[in-house]
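One structure is given here, and the rest of the page talks about it.
The values are calculated or read from the model by the stated rules, or taken from the named source; none is laboratory data. These figures come from a predicted structure and were not determined experimentally. Positions of Cβ are generated from backbone atoms using ideal geometry, with glycine treated the same way; all protein chains shown enter the neighbour counts. Surface areas here come from the heavy atoms of the whole protein model, side chains and all, with no ligands, DNA or RNA. Shrake-Rupley method; radii C 1.70, N 1.55, O 1.52, S 1.80 Å.
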Amino acid sequence: MISLRRLGIERLSQERINLVISILKRMCYLQSLSLEVMNNETFPTSMALSHFQHLHKLCLKGKIEKLPDVCELQPNLVKLSLIGSELQKDSIVQLERLPYLKMLVLGNQSYNWRELVCSSEGFPQLQVLHLVSLMELEEWTVEENAMMKLKHLKIE
């Protein structure tokens, strides 16, 4: 299955996620990956996704203790969906530095903070932003020159 382009795996245990990622390393043409951990499980701190050179779409469903550095994430990501991730407040700073990110979905408990700040010049290529069921969010600040290419905004 080394030519596989799209893959989705649901209900992973925390112990299995590293095993799955090590197996996926052989799938060098993978373009779209969706991983979901079981209830109350957490993605490991280091998932080493940077070796997926063709990965453009990533969906992670489940708690993420600490978002990997931009260099550990695949810098070629075009679409990123985070659902139930309970991101740390400073995680947005890392996400807004992804150079090719065009679509970001922050869904259901992915960001549980009162304030969201998008820094100046952050998200340089972002065109689509979906903020879904972020129940704690009360204030959203977009600094000058942030999200300059945003075309579609959905707040649900």
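Just so you know, in region 49-63 the residues that are open to solvent by 50 Å² or more (accessible area, probe 1.4 Å) and either part of a loop (DSSP other than H, G, I, E, B) or not basic (K, R) (or both) include one that is modelled with the highest pLDDT, and it is H56. In region 124-148, the residues that are within 16 Å of K102 (Cβ to Cβ) form Cβ pairs under 9 Å with partners that are of a type in the set (D, E) and open to solvent by less than 70 Å² (accessible area, probe 1.4 Å), at six or more places apart or across chains, as follows: P124/E96; L126/E96; A146/E96; M147/E96.
Summed over region 8-48, residues that are of a type in the set (D, E, K, R) and outside any loop (DSSP other than H, G, I, E, B) total 5. Scanning region 1-17 for residues that are under 12 Å from L33 (Cβ atoms) and of a type outside the set (A, V, I, L, M) yields R5, R6, G8.
Among the residues making up region 79-115, those that are within 21 Å of Q127 (Cα to Cα), touching a Gly at 6+ places or on another chain (Cβ under 9 Å) and either of a type in the set (V, I, T) or open to solvent by 60 Å² or more (accessible area, probe 1.4 Å) (or both) are I83, I92, V93, R97, N108. For region 8-17, a residue qualifies if it is at pLDDT 90 or above and either more than 19 Å from V78 (Cβ to Cβ) or open to solvent by less than 40 Å² (accessible area, probe 1.4 Å) (or both), and the qualifying residues are I9, E10, R11, L12. Determine whether region 18-36 contains at least one residue that is in contact with a helix residue (DSSP H, G or I) (Cβ under 8 Å, 6 or more places away or on another chain), open to solvent by less than 20 Å² (accessible area, probe 1.4 Å), over 22 Å from V78 (Cβ atoms) and of a type outside the set (S, T, Y). So far as region 18-36 goes, no, none of its residues is in contact with a helix residue (DSSP H, G or I) (Cβ under 8 Å, 6 or more places away or on another chain), open to solvent by less than 20 Å² (accessible area, probe 1.4 Å), over 22 Å from V78 (Cβ atoms) and of a type outside the set (S, T, Y).
For (1) under 25 Å from Q127 (Cα atoms); (2) out of contact with any Ser or Thr (no Cβ under 7 Å at 6 or more places or on another chain); (3) not aliphatic (A, V, I, L, M), each residue gets a yes or a no:
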| residue | (1), (2), (3) |
| --- | --- |
| I21 | no, yes, no |
| S34 | yes, yes, yes |
| T45 | no, yes, yes |
| H54 | yes, yes, yes |
